[in-house]
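S.K.: Sharing a structure with you now.
Please treat every number below as a calculation from the coordinates, not as lab data. Fair warning: this is a prediction, and the values are worked out from it, not measured in the lab. In this analysis, Cβ positions are derived from the backbone assuming ideal geometry, glycine residues included, and neighbour counts consider all displayed protein chains.
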């Protein structure tokens, strides 16, 4: 890698780090509390404003970063297909996690709709919004796990893409650790019980498959039992 490419990569990584600091700062409890005092009932619009600012600044970084289109690797067709499947799995996990939660509320869309109608929806409550179903019954941080899976499985990578993949993976992993600490503090024993059953990132597929097999066998046993009773009643 040339000195110019190293400088460009460092500059781009710095831009992404700046975005991460802004994104994280706006999500802290102190900043939210300050805006809640300032905005009053209109604080219900904060999640939507947070989403807009995050998306706009996320778009702004690639616009401002230097051109880094150098291809670092491009794999043959067979491993490329496998890695594309891995990336699709990661995206699927992220989408599944969004559906498992109230993704629209997370983005602030219902709150914005209520505001347009002259009403203000209630703020999110971690105790009410906490979910242990769907993707969150598979792993504790499915959005982060899916994001990392998508980033690290690129079959074709440029220098700019690698900078973003390294930044994104590190940011998601750090965010996982911070979220673990925050949720353990806010949910207490409820979180500890959940964490003891559900892995952080890597699903325990063997245990899950065993549980699904037991459910399937029990279901089939009940159906066979009901069918046998109906057959006997028919001939009696």
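S.K.: Could I get the Rg over Rh figure for region 1-97? Both from C-alpha atoms, Rh via Kirkwood, rounded to two places.
M.R.: Working: Rg = 19.0 Å, Rh = 17.0 Å.
Ratio of gyration radius to Kirkwood radius: 1.12.
S.K.: Taking R0 as 35 Å, what FRET efficiency do you get between residue 178 and residue 205 from their Cβ-Cβ distance, rounded to the nearest 0.05? Walk me through the numbers before you get to the answer.
M.R.: Details: r = 27 Å, r/R0 = 0.77.
For residue 178 and residue 205, the calculated efficiency is 0.85.
S.K.: Sort 71, 53 by Cβ crowding within 10 Å, fewest neighbours at the top.
M.R.: Details: 71 10, 53 13.
In increasing order of surrounding Cβ atoms, one gets 71, 53.
S.K.: Give the span of region 32-73's Cα atoms along each principal axis, as three whole-Å numbers ordered largest to smallest.
M.R.: So the three principal-axis extents are 51, 15, 13 Å.
S.K.: Please order 181, 84, 194 by the number of other Cβ within 10 Å, starting at the fewest. Write down the numbers at each step before the final one.
M.R.: Working: 181 10, 84 14, 194 18.
Fewest-to-most Cβ neighbours within 10 Å comes out as 181, 84, 194.
S.K.: Where does region 3-203 land on Rg/Rh, using Cα atoms and the Kirkwood Rh? Before the final figure, lay out the partial values.
M.R.: Working: Rg = 19.0 Å, Rh = 18.9 Å.
With Rh from the inverse mean 1/r over Cα pairs, Rg/Rh is 1.00.
S.K.: Find how much the distance from residue 57 to residue 133 grows on full extension, using 0.36 nm per residue of separation minus their present alpha carbon separation; answer in nm with one decimal.
M.R.: Values: separation 76, 0.36 × 76 = 27.36 nm, distance 3.19 nm.
Full extension from residue 57 to residue 133 adds 24.2 nm.
S.K.: Something else: Can you put 65, 179, 189 in order, fewest other beta carbons within 10 Å first? Each step should come with its number before you reach the end.
M.R.: Values: 65 19, 179 14, 189 8.
So the ranking, lowest neighbour count to highest, is 189, 179, 65.
S.K.: Quick one: if the Förster radius is 22 Å, what FRET efficiency do residue 78 and residue 156 give, using the C-beta to C-beta distance and rounding to 0.05? Intermediate values should be presented prior to the final figure.
M.R.: Working: r = 14 Å, r/R0 = 0.63.
Using R0 = 22 Å, I get an efficiency of 0.95.
S.K.: Using alpha-carbon positions, what is the distance between the centroids of region 1-60 and region 125-194, in Å?
M.R.: 17
S.K.: Going by average Cβ neighbours within 10 Å, how do the peptides 153-165, 3-15 rank, with the highest at the top? Please report the intermediate quantities before stating the final value.
M.R.: Working: 153-165: 17.8, 3-15: 14.3.
So the order, starting with the most tightly packed, is 153-165, 3-15.
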